Structure formats: C-alpha cells, structure tokens
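Engineer: Okay, handing you the structure first.
Nothing in this text is a laboratory measurement; each read-out follows from the coordinates by a stated rule. Predicted, not measured: the structure shown is a model, and the values here were computed from it. Glycine also receives a Cβ, built like all others from the backbone with ideal geometry; neighbour counts cover every protein chain displayed.
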Amino acid sequence: MCPTCSLRFGVDRDGTVVAPGNRPEDRVQPGVLNVPGNVRELVAKLPDSIVQRVRQEFVSPDQQQVLEMLACFGIEPHETGGARVLDAILDRSHGRKEGIRELVITAKRDWRDVLW
C-alpha cells in the first residue's frame, strides 16, 4: 500500500477490490486501490499528453500522487481504453485528487463507466 495515497488494486467480478495474491488476508474494502511496487515504472509509461495535463491541472504536491493513481489503470488485461479513459478520468475529476481516485476505481471495474 502506498503510504501517501492509500491505494490498492484489483477488482473481483462482484466489485470487491482484491490485493495481489487473492488470499483472504489480501482482501480489502471495495473502493480502495493498491499501488503496485513498480508504480514508478508505470508512471513512466503514461502517455505524455496525460502527464502534461496533470502538470497543468494539479498543484505540485499532488502531481505525483495523481500520476500514481492514473498509472494503476491499465495493469489488468480487461483495463483497456488507454489514454482515452485517462483523459475522461481527468475531465470528470474536475481537478480533485479524490475524484481521480474514485474514477480510477470505477474504471478498473468497468472502464466504460467513466466515458459516459
């Protein structure tokens, strides 16, 4: 778990968010994300347009956390849509860091929900 943003990742079919390993002790409350250990590598792979938007729309102390939250989307094979989904997350968050977290959780369950 990332100490700065309290994120976990993985979503069961029933909407329960699950940490890696899917052991009972790894289960967490729905609505929580898990930042994987390689989050820095994942942030580096974000599209330049997304990184640029984050730099423009968020204040400096929040930028890295927002990038880490966005990098949590697209890890699992069912999380498709790439930059289009990330753009929608940024649009719908209205510059709120908490909005990013909520929308990434939603997108991890079903990415189409952040587009409509």
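Engineer: Just name the residue that is surrounded by the fewest Cβ atoms within 10 Å (Cβ to Cβ) out of those in the range 46-101 that are β-branched (Val, Ile, Thr) and more than 22 Å from ASP113 (Cβ to Cβ).
Structural biologist: Taking the candidates together, the pick is VAL59.
Each row is one residue, and each column tells you yes or no for (1) in a helix (DSSP H, G or I); (2) hydrophobic (A, V, I, L, M, F, W, C); (3) free of Cβ contacts under 8 Å to residues at least 12 places away in the same chain; (4) more than 15 Å from VAL104 (Cβ to Cβ).
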{"site": "LEU46", "(1), (2), (3), (4)": "no, yes, no, no"}
{"site": "GLN52", "(1), (2), (3), (4)": "yes, no, yes, yes"}
{"site": "PRO61", "(1), (2), (3), (4)": "yes, no, yes, yes"}
{"site": "LEU67", "(1), (2), (3), (4)": "yes, yes, no, no"}
{"site": "GLU76", "(1), (2), (3), (4)": "no, no, no, no"}
{"site": "THR80", "(1), (2), (3), (4)": "no, no, no, no"}
{"site": "LEU86", "(1), (2), (3), (4)": "yes, yes, no, no"}
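Engineer: Inside the range 72-81, can you point out the residues that are over 12 Å from the mean Cα position of the chain (by Cα) and at positive phi?
Structural biologist: Listed by number, the list holds a single entry, GLY81.
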